[in-house]
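Trainee: Provided herewith is a single structure, encoded as structure tokens, for subsequent inquiry.
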Amino acid sequence: MLFMNLPPRFRNPWPNKISRFLIALGLGMGLLTAPAEPFLPTDGSQVLERLRAKPFDPATQHLHELRARLAADPTNPAVAWEFARQCIELSRSEANPRYLGRAQGALARWWEAATPPVNVLVLRATIKQSQHDFTNALADLNLALQRDHANAQAWLTKATVLTVLGDYDGARRACVPLIQLAPGLIGLTAAVSVSSLNGEAASSCRLLSQALAGQPNASTGDKLWALTVLAEASARLGRLAEAEGYYKSALALGEHDPYLLGAYADLLLDEDRDREAATLLAGEVNADALLLRLTLAEARLEPRPASYAAHLALLQARFEAGHWRGDFVHQREEARYTLELRHEPAAALRLAQANWRVQREPADVRILLETAGAAGDAAAAQPALDFIREKKLEDVQLVKIARQFTLASAQ
């Protein structure tokens, strides 16, 4: 989770997305595939994975200091909160779900408590949200807001969770106090991220673009989030040149943001700019969502690069390991992998349907439509088609895919 001076990309896309705790049904649904043969590199210089964190960088050093303080005083909620907060930030910036486990461990004394401190409640909700435990995340946020109605972070997190669930009316309501409480671009960007999905994309983009231009001294994190929201909304409207401009401006800020990289890579893949996507994501193998996009790009190249086989094997191993752990957080990514790289539409559809029961972002709508179309199951696409209509979701890619079902039904 990101805190008030940074954008709230808590999910994970990939995973965004992110934590490894969601227990869901599926082991008996044919989702497990036969174990792949282990990949054995034939060249000792071949890079399989790059570790991003530096052992002595300031963030890591600060985390070590906090961990030492927490070990010396494990019942101190202020130290536990700060350690957990830093872990959550690192989980996002490094695309490393292990940090979320450390954050939860730091809050273990308060994890089952009915009335922990409000700031602990908000962090607990953030971790649960990253585990896709949205119901309990919202329960914690509502409890926090009952005790502290002016808690901007709680409103921000609530708006984000409700947006992921496709509850745009609820997310809009959460943005009203947030705009009054949050400084700078945060409240407006949160509101625009909702309204741009709910029939007001063009006007929302104009408003946020003007606000961004009028706040040149906004923090890097605030600018990054605003630019990413503008890029995604512009892409959904089909304004691809504008979208790419926003993506490049966001990248120029110099922050490593896995969500931003994944979103821009998707635009490049949609435009069949596969080599550019592979270049953008070179070395990005820590986050499953980025590894997926990198492998998709490499699969389309002729000839395929030498790294493709290693990346494909690594991706499959991660999904299989997730199943054995009972982790189904990345079902959207796995559905895409199963459809586009394994070419198994029926299995991909099952994954997309399971994912749809959990979250309703535009990418979730899309993968449900794509897998239903590939599997020849028009009925399976109906929930996504209804969602597009009912929510007034503007997205040129979704309209293109949905039109196939309309044409099929008319024949």
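The values are calculated or read from the model by the stated rules, or taken from the named source; none is laboratory data. These numbers come from a predicted model, not from an experiment. FYI the Cβ positions are ideal-geometry reconstructions off the backbone, even for glycines, and counts take in every protein chain you see.
Trainee: Filter region 197-229 down to residues that are surrounded by fewer than 22 Cβ atoms within 10 Å (Cβ to Cβ) and among the charged types (D, E, K, R) and give me whichever is farthest from ALA182 (Cα to Cα).
Mentor: Residue satisfying both the conditions and the ranking: GLU200.
Trainee: Shifting gears a bit: Does region 395-404 contain any residue that is assigned to a loop (DSSP other than H, G, I, E, B), surrounded by fewer than 20 Cβ atoms within 10 Å (Cβ to Cβ) and among the acidic types (Asp, Glu)? Before the answer, list the steps.
Mentor: Let us first name the residues in region 395-404 that are assigned to a loop (DSSP other than H, G, I, E, B), namely 395.
Filter once more, keeping what is surrounded by fewer than 20 Cβ atoms within 10 Å (Cβ to Cβ): none.
No, region 395-404 contains no residue that is assigned to a loop (DSSP other than H, G, I, E, B), surrounded by fewer than 20 Cβ atoms within 10 Å (Cβ to Cβ) and among the acidic types (Asp, Glu).
Trainee: Give the residues of region 94-109 that are buried (at least 18 other Cβ atoms within 10 Å of the Cβ) and at pLDDT below 90, sorted by residue number.
Mentor: Correct list: GLU94, ALA95, ASN96, PRO97, TYR99, LEU100.
Trainee: Assuming CYS175 fulfils every condition listed in (1) buried (at least 22 other Cβ atoms within 10 Å of the Cβ); (2) under 23 Å from PHE328 (Cβ atoms) apart from one, which condition is it?
Mentor: (2)
Trainee: Identify all residues within region 366-376 that are under 20 Å from VAL396 (Cα atoms), out of contact with any Phe, Trp or Tyr (no Cβ under 6 Å at 6 or more places or on another chain) and crowded, with 19+ Cβ neighbours inside 10 Å; write none if there are none.
Mentor: Looking only at region 366-376, we keep the residues that are under 20 Å from VAL396 (Cα atoms), and these are 366-374.
Okay, now just the ones that are also out of contact with any Phe, Trp or Tyr (no Cβ under 6 Å at 6 or more places or on another chain), so 366-367, 369-374.
Those that are under 20 Å from VAL396 (Cα atoms), out of contact with any Phe, Trp or Tyr (no Cβ under 6 Å at 6 or more places or on another chain) and crowded, with 19+ Cβ neighbours inside 10 Å: ARG366, ILE367, LEU369, GLU370, THR371, ALA372, GLY373.
Trainee: Here is a list: LEU294, LEU253. Which entry is among the aliphatic types (A, V, I, L, M) and outside any helix (DSSP H, G or I)? Let's see the steps before the verdict.
Mentor: Details: LEU294 fails: outside any helix (DSSP H, G or I).
The match here is LEU253.
Results for (1) out of contact with any Asp or Glu (no Cβ under 7 Å at 6 or more places or on another chain); (2) of a type outside the set (Phe, Trp, Tyr); (3) more than 27 Å from SER307 (Cα to Cα), shown as yes or no for each residue.
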residue: LEU230; (1), (2), (3): yes, yes, yes
residue: TYR247; (1), (2), (3): yes, no, no
residue: ARG275; (1), (2), (3): yes, yes, no
residue: ASP288; (1), (2), (3): no, yes, no
residue: LEU294; (1), (2), (3): no, yes, no
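Trainee: Can you pull out every residue in region 93-121 that is in a loop (DSSP other than H, G, I, E, B) and on the phi < 0 side of the Ramachandran plot? First the steps, then the outcome.
Mentor: To start, the set of residues in region 93-121 that are in a loop (DSSP other than H, G, I, E, B) comprises 95-97, 107, 111-117.
Scanning region 93-121 gives ASN96, PRO97, LEU107, TRP111, GLU112, ALA113, ALA114, THR115, PRO116, PRO117.
Trainee: For residues that are outside any helix (DSSP H, G or I) and modelled with pLDDT of 95 or more, scanning just region 309-342, find the one that is farthest from ALA363 (Cα to Cα). It would help to see each step written out before you state the result.
Mentor: If we filter region 309-342 for residues that are outside any helix (DSSP H, G or I), which is where we start, we get 326-330, 341-342.
When the remaining residues are screened for being modelled with pLDDT of 95 or more, the result is 341-342.
On the way: LEU341: 17, ARG342: 19 Å.
Of everything passing the filter in region 309-342, ARG342 is farthest from ALA363 (Cα to Cα).
Trainee: A follow-up question, please. So the check is Cβ under 8 Å with 6+ separation or different chains; which pairs have a first residue in region 316-338 that's in the same structural domain as VAL285 (by TED's automatic domain parsing) and surrounded by fewer than 21 Cβ atoms within 10 Å (Cβ to Cβ) and a second one that's at pLDDT 95 or above and polar (S, T, N, Q)?
Mentor: Nothing qualifies.
Trainee: Continuing with this model, one more query. Quick check on my filter: what residues within region 75-90 are closer than 18 Å to ASP257 by Cβ and in contact with a Lys or Arg (Cβ under 8 Å, 6 or more places away or on another chain)?
Mentor: Hit for region 75-90 is CYS87, nothing else.
Trainee: Check region 343-365 and report whether any residue there is surrounded by 19 or more Cβ atoms within 10 Å (Cβ to Cβ), out of contact with any Leu (no Cβ under 6 Å at 6 or more places or on another chain), modelled with pLDDT under 95 and not hydroxyl-bearing (Ser, Thr, Tyr).
Mentor: no
Trainee: Might you check whether a residue that is within 20 Å of LEU268 (Cα to Cα), aliphatic (A, V, I, L, M), assigned to a helix (DSSP H, G or I) and under 19 Å from the mean Cα position of the chain (by Cα) occurs anywhere in region 347-358? Spell out the reasoning first.
Mentor: Going through region 347-358, the residues within 20 Å of LEU268 (Cα to Cα) turn out to be none.
No, region 347-358 contains no residue that is within 20 Å of LEU268 (Cα to Cα), aliphatic (A, V, I, L, M), assigned to a helix (DSSP H, G or I) and under 19 Å from the mean Cα position of the chain (by Cα).
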